[in-house]
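Asker: One structure is given below, represented as structure tokens, and several questions about it will come after.
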Amino acid sequence: MSTVILSIDQGTTSSRTLVFSPRGRILFTAQEEFPQIYPQDGWVEHDPETIWDTVFKTLKKAWQFAEENDHDIAGIGITNQRETTLVWNKETGDCLYNAIVWQDRRTAAACREMAKKMPAEELNAKSGLIHDPYFSGSKIAWILDNVDGARDLAKAEKLAFGTVDCFLIWRLTEGKTHATDATNASRTNLFNIHTQEWDEALLELFDVPRSGLPEVKDCVDDFGTCSLLGKDIPILGVAGDQQAAAIGQACFEEGDIKSTYGTGCFVILNTGETCVTSENRLLSTICYRLDGKVTYALEGSIFIAGAAVQWLRDEVKIIDHAKDTEKLCRSLDSNKGVYLVPAFTGLGAPHWDPDARGGLFGLTRDTGRAEIVRATIESVCYQTYDLFKAMAQDGVKPKILRVDGGMVANDWMVQYLAGVLNIPVERPKVLETTAFGAAALAAIGAGLFPSLETIKDVWTLDTDFEPDMDTKTRESVLAGWKASVQKVLTD
């Protein structure tokens with residue numbers, strides 16, 4: 001009987017459970033997509049029961065695969081879409097409202113009001129974050145203030161609040177464990193990343209009662225036991241999706257950097273034991289916490305990356321499959337001056353403009369689907385460049401970037417990214433680095449991996465993309481991008 005790890009990867013558009021061997025090989029994958037809910041302009045929600053149903057269906061399929069193939073399940077790892085927020089009744093387990101997704105902008109005005117009560121510098125000094133509806137604190141407050149009776153239930157200590165990982169742990173352990181990990185806690189704007197505690201001043205600012213918040217654990221810890229599949233399986237590792245990807249990419253040394261291209265794009269730079277404060281609107285966050293020891297990171301967050309490709313497919317309907325984008329990009333010698341700024345839910349770092357809206361610029365009579373598709377793919381590279389420019393202004397200049405996520409299967413995009421950034425870009429053989437990161441944490445908890453160093457041994461390079469864009473072209477396309485962004489900014 002061989003030993004395996006089940007890795008739950010609950011994302012923005014789908015839920016998956018993967019079965020990993022102790023050496024990081026994917027043995028099985030089950031996936032279930034689910035719909036997005038858009039009640040109003042700038043609002044994005046998920047049905048909590050749909051999240052749970054898709055997770056449990058995929059988990060059950062993975063478990064059945066392990067049983068049928070005589071694999072012994074050593075534990076479960078969980079990674080999740082960060083900042084997405086739920087509030088549920090402790091007695092019934094039912095959510096009071098839909099999950100408010102990380103992309104949601106409804107609390108923008110409330111965040112501006114809170115900035116008057118606590119200066120941005122003070123908030124950042126505690127949480128490492130900024131005043132923005134992206135984070136969980138204002139989402140919790142909105143649910144408590146807008147659902148009838150929610151405040152009264154919270155005062156009676158009958159409610160639980162949490163990010164998606166916390167909700168899943170609660171359901172998987174049948175209400176026995178109300179816990180999260182330090183990486184997810186660090187994305188709420190309620191957690192002090194220096195003291196490693198829920199911060200009373202921040203709780204007061206957001207008007208969120210302490211009684212509803214989960215216990216904050218290390219990324220490798222005892223998160224309870226799942227008995228829903230007929231046998232007891234321990235939950236041993238948890239990390240938010242971007243931190244899990246950094247772990248899966250073996251970014252363990254100070255200066256190591258990865259960028260994940262999923263629904264959004266997120267760049268995480270390991271800063272070691274030092275919590276670096278950005279002067280250019282990047283975020284200070286927790287990369288991971290093991291044995292009580294914190295490793296910090298500098299992060300840039302882009303709200304729309306793969307979601308723009310999904311928009312091309314589902315709304316604009318000019319492609320049938322995401323894989324069609326590479327051929328269309330290659331069909332052109334240049335972008336012909338066409339730029340897409342995908343500010344569909346505002347702009348994230350380094351602009352942080354929740355009221356910005358998307359724009360398509362430089363159209364002419366001969367603009368066609370290839371130009372629009374290429375502008376969409378290029379926009380992801382340009383947004384990444386903006387993050388790297390902000391890091392450079394903070395005194396950090398990475399020499400190599402590791403990439404992952406569904407979009408990096410597109411060779412053209414990764415090569416263009418290397419050209420725009422003017423540094424080598426490395427793509428690993430296993431692109432499922434987020435799920436692997438969660439599995440690796442659980443493997444450490446189960447004693448299958450002695451330490452993070454084992455992950456370094458498992459990580460394998462697939463392709464190294466060297467920059468090949470000449471200086472004149474780079475300067476020209478970046479100037480066009482900058483001018484386009486200026487047209488959508490509202491600040």
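The values are calculated or read from the model by the stated rules, or taken from the named source; none is laboratory data. No experiment lies behind these values; they were computed from the predicted model shown. We place every Cβ from the backbone using ideal geometry, glycine too, and count neighbours over all the protein chains shown. Just the protein is used for accessible areas: all its heavy atoms, side chains included, with ligands, DNA and RNA removed. Shrake-Rupley method; radii C 1.70, N 1.55, O 1.52, S 1.80 Å.
Asker: Give, rounded to the nearest 20 debye, the magnitude of the charge dipole that the chain has about its Cα centre when Lys and Arg contribute +1 at Cβ and Asp and Glu contribute -1 at Cβ. Can you show the working numbers first?
Answerer: On the way: 49 positive and 71 negative charges, 182 e Å.
Dipole about the Cα centre, nearest 20: 880 debye.
Asker: Near Gly75, within a Cβ-to-Cβ distance under 11 Å, what is the net charge of the other residues, with Lys and Arg +1 and Asp and Glu -1? Each step should come with its number before you reach the end.
Answerer: Numbers: positive: none; negative: Asp72, Asp222, Asp232.
Summing Lys/Arg as +1 and Asp/Glu as -1 gives -3.
Asker: Calculated from DSSP H runs of 4 or more alone, at -39500 (n - 2.57) each and per residue, what is the 222 nm mean residue ellipticity of the chain, nearest 500?
Answerer: Details: 16 runs with 170 residues, N = 491.
Only helices count here, giving -10500 deg cm²/dmol.
Asker: Additional query: Volume per residue, Å³, of the convex hull around the alpha-carbon atoms of the chain?
Answerer: Working: hull volume 64.8 nm³, N = 491.
Per residue, the Cα convex hull of the chain comes to 132 Å³.
Asker: If we count every other residue with Cβ under 15 angstrom of Asp218's Cβ, Lys/Arg +1 and Asp/Glu -1, where does the sum land? The partial results should precede the final answer.
Answerer: Details: positive: Lys217, Arg289, Lys293; negative: Asp165, Asp181, Glu197, Glu215, Asp221, Asp222, Asp291.
Its environment carries a net charge of -4.
Asker: Leaving out ligands, DNA and RNA, and with a 1.4 Å probe, what % of the accessible surface on the chain is carbon or sulfur?
Answerer: Values: 8650 of 18580 Å².
The value for the chain is 47 percent carbon and sulfur by accessible area.
Asker: On average over all directions, what projected area in square nanometres does region 276-428 have, based on the convex hull of its Cα atoms?
Answerer: Numbers: hull surface 42.5 nm².
Projected area, direction-averaged: 10.6 nm².
Asker: Give, in whole angstrom and from largest to smallest, the semi-axes √(5λ) of the equivalent ellipsoid of region 242-352, with λ running over the eigenvalues of the Cα gyration tensor. Each step should come with its number before you reach the end.
Answerer: Values: eigenvalues 214, 48, 32 Å².
Its equivalent ellipsoid spans semi-axes of 33, 16, 13 Å.
Asker: Using the scaling law 2.2 N^0.38 Å as the reference, what is the normalised Cα Rg of region 134-288?
Answerer: Numbers: Rg = 16.7 Å, N = 155, 2.2 N^0.38 = 15.0 Å.
In units of the globular-protein estimate, region 134-288 measures up at 1.11.
Asker: Still on this model: Report the equivalent ellipsoid semi-axes for region 1-160 in whole Å, largest first, defined as the square roots of five times the eigenvalues of the gyration tensor built from alpha carbon atoms.
Answerer: Values: eigenvalues 252, 66, 45 Å².
Working from the Cα gyration tensor, I get semi-axes of 36, 18, 15 Å.
Asker: Still on this structure: Starting from the Cα of Lys399, draw a straight line to each of the lysines and keep only those under 24 Å, dropping any in the same chain fewer than 8 residues away.
Answerer: Once the sequence-local lysines are set aside, what remains near Lys399 is Lys258, Lys389, Lys429, Lys456, Lys472, Lys482.
Asker: Given an 8 Å cut-off on Cα distances and at least 6 residues of separation, report the relative contact order of region 232-323 as a percent. Working shown, then result.
Answerer: Details: 146 pairs, mean separation 21.2, N = 92.
Relative contact order for region 232-323 comes out at 23 percent.
Asker: Might you tell me the accessible area per residue for the chain, computed with a 1.4 Å probe and given in Å²? Show your work: numbers first, answer last.
Answerer: Numbers: 18580 Å² over 491 residues.
Per residue, the chain has an accessible area of 38 Å².
Asker: Determine the alpha carbon to alpha carbon distance for each of Lys90/Lys176; Lys57/Lys158; Lys57/Lys231 and list only those over 18 Å.
Answerer: Working: Lys90/Lys176 10 Å; Lys57/Lys158 29 Å; Lys57/Lys231 16 Å.
Those over the limit are Lys57/Lys158.
Asker: Over the chain, what relative contact order in percent results from Cα pairs under 8 Å that are six or more residues apart?
Answerer: Working: 1114 pairs, mean separation 72.8, N = 491.
Value for the chain: 15 percent.
Asker: Still on this model: Using the Kirkwood radius over C-alpha pairs as Rh, can you work out the diffusion coefficient of region 1-45 via Stokes-Einstein at 37 °C, viscosity 0.692 mPa s, in µm² per second? Write down the numbers at each step before the final one.
Answerer: Numbers: Rh = 12.5 Å.
The Stokes-Einstein estimate is 263 µm²/s.
Asker: Just to be sure I follow: if Rg is taken over the C-alpha atoms of region 324-389 and Rh is the Kirkwood radius over the same atoms, what is Rg/Rh? Don't skip to the end; give the middle numbers.
Answerer: Numbers: Rg = 12.7 Å, Rh = 12.6 Å.
Radius of gyration relative to Kirkwood radius: 1.00.
Asker: Given q = 0.09, 0.12, 0.17, 0.18 Å⁻¹, what are the Debye log10 I(q)/I(0) values for region 341-446, with equal point scatterers placed on the Cα positions and solvent ignored?
Answerer: Rounded to two decimals, the profile gives -0.32, -0.56, -1.00, -1.08.
Asker: Within a Cβ distance under 14 Å of Gly480, other residues only, what is the Lys/Arg minus Asp/Glu net charge? Write down the numbers at each step before the final one.
Answerer: On the way: positive: Lys336, Arg374, Lys472, Arg474, Lys482, Lys487; negative: Glu371, Glu378, Asp386, Glu475.
The answer is +2.
Asker: Then there is this: Roughly how compact is region 91-198, stated as its Cα Rg over 2.2 N^0.38 Å to two decimals? Intermediate results must be reported in sequence, preceding the final value.
Answerer: On the way: Rg = 14.3 Å, N = 108, 2.2 N^0.38 = 13.0 Å.
Expressed relative to 2.2 N^0.38 Å, the Cα Rg reads 1.10.
Asker: A further question on this structure: What does the extension gain come out to for Arg369 and Leu489, with contour length at 0.36 nm per residue minus their alpha carbon separation? If you can, show how the numbers build up before the last one.
Answerer: Numbers: separation 120, 0.36 × 120 = 43.20 nm, distance 2.56 nm.
Answer, rounded to one decimal: 40.6 nm.
Asker: State the dimensionless ratio Rg/Rh of region 46-128 (Rg: radius of gyration of Cα atoms; Rh: Kirkwood radius).
Answerer: Working: Rg = 19.1 Å, Rh = 16.5 Å.
Using Cα coordinates only, the ratio equals 1.16.
Asker: Which number do you get for Rg(Cα) / (2.2 N^0.38 Å) in region 283-327?
Answerer: Numbers: Rg = 17.8 Å, N = 45, 2.2 N^0.38 = 9.3 Å.
Cα-based Rg divided by the globular estimate yields 1.90.
Asker: Quick one: accessible surface of Arg210, probe radius 1.4 Å, all protein chains present, in square angstrom to the nearest 10.
Answerer: 110 Å²
Asker: Got a sec? What order do Lys323, Lys57 fall in by accessible area at 1.4 Å, biggest, i.e. largest, first? Display every interim value, and only then the final one.
Answerer: Values: Lys323 160, Lys57 110 Å².
Largest to smallest exposure gives the sequence Lys323, Lys57.
Asker: Suppose we keep just the DSSP beta bridges with both residues in the chain; what percent of those would be antiparallel, to 5? Numbers along the way, then the final one.
Answerer: Values: 55 of 78 bridges.
Of the beta bridges lying entirely in the chain, close to 70 percent run antiparallel.
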